[in-house]
């Protein structure tokens, strides 16, 4: 990737985020299906739907700066998905699988949020304040999803801990 100036870097980064968003939408849907849990599936399907809105915002950002997307690779995404599938296939416990899926969804969202933080700053520095607003709204969506995922993880851990404590109490009473 040869970049000659800051604008080319911005267009390349914006193209990478757009491409990553396309790929990530499919990953969220796959994670939801593999979770076999209605709450997780619903949250990840909603995240995938929000990704569609994000794509529209990114396309508008390209129009606002008068540029077209550049070709980028999805190698990071491919490695992420490949490792995810391999690691998930080795997890037998349904609870552990759910937590692993949520952890990976959260990991993916953190990575995207980091990209948006940089793009928002680059848009502001280049004087593209309208583009900055669009990108910041995309960042806000990721931050909201990260918070929601944190709550889901907490919910599953709390429920599992409560069930274990109840089982332990029942077991100790029978002895």
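Here are a few things to note about the model shown:
- Cα gyration tensor, the range 119-175 - rounded (a/c under 1.5), prolate or oblate: prolate
- Compared with the dominant principal axis of the Cα atoms in the chain, helix 75-89 is inclined by about 10°.
- Kirkwood-based Rg to Rh ratio, the range 10-64, C-alpha trace: 1.10
- Note: the range 1-92, Cα convex hull, 89 Å³ per residue.
- [x] 127; [y] 158; [z] 110, with the label sought being that of the calculated volume of the Cα convex hull per residue in Å³: [z]
- Relative to the longest principal axis of the Cα atoms of the chain, the long axis of helix 94-125 lies at roughly 20 degrees.
- Each semi-axis of the equivalent ellipsoid for the range 58-136 is √(5λ) with λ an eigenvalue of the Cα gyration tensor; in descending order they amount to 35, 14, 9 Å.
- Relative contact order %, the chain, counting alpha carbon pairs below 8 Å whose residues are six or more apart: 25
- Using the rule -39500 (n - 2.57) for each DSSP H run of four or more residues, divided by the residues of the chain, the 222 nm mean residue ellipticity is -31000 deg cm²/dmol.
- Sorting 121-127, 23-29 by their mean Cβ neighbour count within 10 Å, with the most densely packed peptide first, gives 23-29, 121-127.
- Eigen-decomposition of the gyration tensor built on the alpha-carbon atoms of the range 41-99 gives equivalent ellipsoid semi-axes of 33, 17, 5 angstrom, largest listed first.
- A Förster radius of 35 Å combined with the Cβ-Cβ distance from residue 155 to residue 56 puts the calculated FRET efficiency at roughly 0.65.
- Folded to 0 to 90 degrees: helix 129-174 orientation relative to the chain principal axis, Cα: 10
A short reminder: the numbers here are calculations on the coordinates, not readings from a lab. The shown structure was predicted, so the numbers you read here are calculated from the model rather than taken from an experiment. Cβ coordinates were reconstructed from backbone atoms using ideal geometry, including for glycine residues, and neighbour counts include every protein chain displayed.
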